[in-house]
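What follows is a set of notes on a single structure, which appears directly below.
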Amino acid sequence: MSYTIATDIHTHTLFSRHAYSTIAENVAAARAAGLTLLGSADHFSSMLFPEQDIRNFQFFYNQGVWPREWDGVTLLRGAEADIVSLSGGLFGQDIHCSESIVGKRFLCERTLYDRVVESLDYLVASVHNGEFAEGASIRQTTEMYVRVLQNPKVFVLGHTGRSGIPYDLDEVLGCAKELGKLIEINNHSLESAGRHHRACREIAVRCAELGVGICVSSDAHVAPAIGKFPHAQDLLDEVHFPEELVMNRSRETLLASLTASGVASFAE
């Protein structure tokens, strides 16, 4: 089967520090790749800065200046937030933020997480450093992913096939289906000569069997990789994945899925 995937919502800009393109370059690349929708999801993580101050994350603050339609491409504002605890906690939720980016004291204290994500459309939630889960039981890791999916801002569970953290597939995927959240099939995870292929394949097969929606992502860290999913498409072909469960196959399908999940509203 030839899969048409017209959106890419897990991509990175220069802000992620180990990525190499601007948002304008990514939009241009998306248009050149024939995409109708691009989601920018830079890292919201301790990997960026040694000090976790709101000033370091102000990149996310002013994304309202980005046009929704940019050179014929619909642009969504997101972030890839690190999962940091077995309780399903995300980066920034335990960091109190009392001052604005100009040093003015806020009237009420909120967390760094709250202040950064409030204006974003969605989150991709991923594990990058799984040391916190060492020695954890399958029950604990399963409950962790379930709690992450229950977060009202999380739309996509990111690259669990390469996280190295085992979990009960049926329970987590069942939760995603119930909540209308998506499981990511991450092209970047499949680039390393089969290293994560088995785990990613198992996830894809079970999503197909259970009727769970997926999101195919490039996880691009440079503009030329935007909208390129060759390894992910090969995997979907290999398992005869049903096209109707690829929820980012079109702009309309992606926006409808995002709205149905309750994460953001794009009813118009």
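The values are calculated or read from the model by the stated rules, or taken from the named source; none is laboratory data. Remember, it's a predicted structure, so these values are computed and weren't measured experimentally. In this analysis, Cβ positions are derived from the backbone assuming ideal geometry, glycine residues included, and neighbour counts consider all displayed protein chains. Accessible surface is based on the protein model in full, side chains and every heavy atom, while ligands, DNA and RNA are left aside. Shrake-Rupley method; radii C 1.70, N 1.55, O 1.52, S 1.80 Å.
At-a-glance table
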| quantity | calculated |
| --- | --- |
| Once the Cα gyration tensor of the range 1-118 is diagonalised, semi-axes √(5λ) in Å | 29, 17, 12 |
| Phi-based couplings in Hz for the range 223-233 (Karplus 6.51, -1.76, 1.60; Gly and Pro marked x) | 3, x, 8, 4, x, 10, 10, x, 6, 5, 5 |
| Long-range HN-HN contacts of residue 250 with modeled amide H, under 5 Å | 6 |
| Nonlocal amide H pairs with residue 89, under 5 Å, H built at 1.01 Å | 84 |
| Over 32 Å between alpha carbons, listed pairs 153/228; 181/228; 104/181 | 104/181 |
| Residue-normalised accessible area of the chain, given per residue in Å² at a 1.4 Å probe | 44 |
| GluC sites (Glu not before Pro) restricted to the range 104-204 and DSSP loop, no more than 15 other C-beta within 10 Å | 118, 134, 191 |
| By average C-beta atoms within 10 angstrom, highest first, the peptides 144-152, 44-52 | 144-152, 44-52 |
| Bins of 5 Å, starting at 0 and running to the largest distance - Cα pair percent for the range 1-53 | 4, 19, 24, 19, 14, 9, 6, 3, 1, 0 |
| For the range 161-175, 3J(HN,Hα) per residue [Karplus equation, 6.51 cos²θ - 1.76 cosθ + 1.60, θ = phi - 60°, Hz, x = Gly/Pro] | x, 10, 6, x, 10, x, 7, 6, 4, 4, 5, 5, 5, x, 5 |
| The range 118-143 and the range 1-66: distance between their alpha carbon centers, rounded to Å | 20 |
| Helix-only CD estimate at 222 nm, as mean residue ellipticity for the chain, using -39500 (n - 2.57) per DSSP H run (n ≥ 4) | -8000 deg cm²/dmol |
| 29 Å tail of the calculated P(r), the range 93-249, as % of Cα pairs | 24 |
| Euclidean distance between Cα centres, the range 203-268 to the range 82-110, Å | 30 |
| Accessible-area composition of the range 165-268, carbon plus sulfur, in percent [1.4 Å probe] | 50 |
| Translational diffusion coefficient (Stokes-Einstein; Kirkwood radius from C-alpha pairs) of the chain at 20 °C, 1.002 mPa s, in µm²/s | 115 |
| 3J(HN,Hα) from dihedral phi, the range 104-116, Karplus parametrisation 6.51/-1.76/1.60, rounded to Hz, x for glycine, proline | 7, 6, 6, 5, 10, 7, 9, 7, 4, 4, 4, 6, 7 |
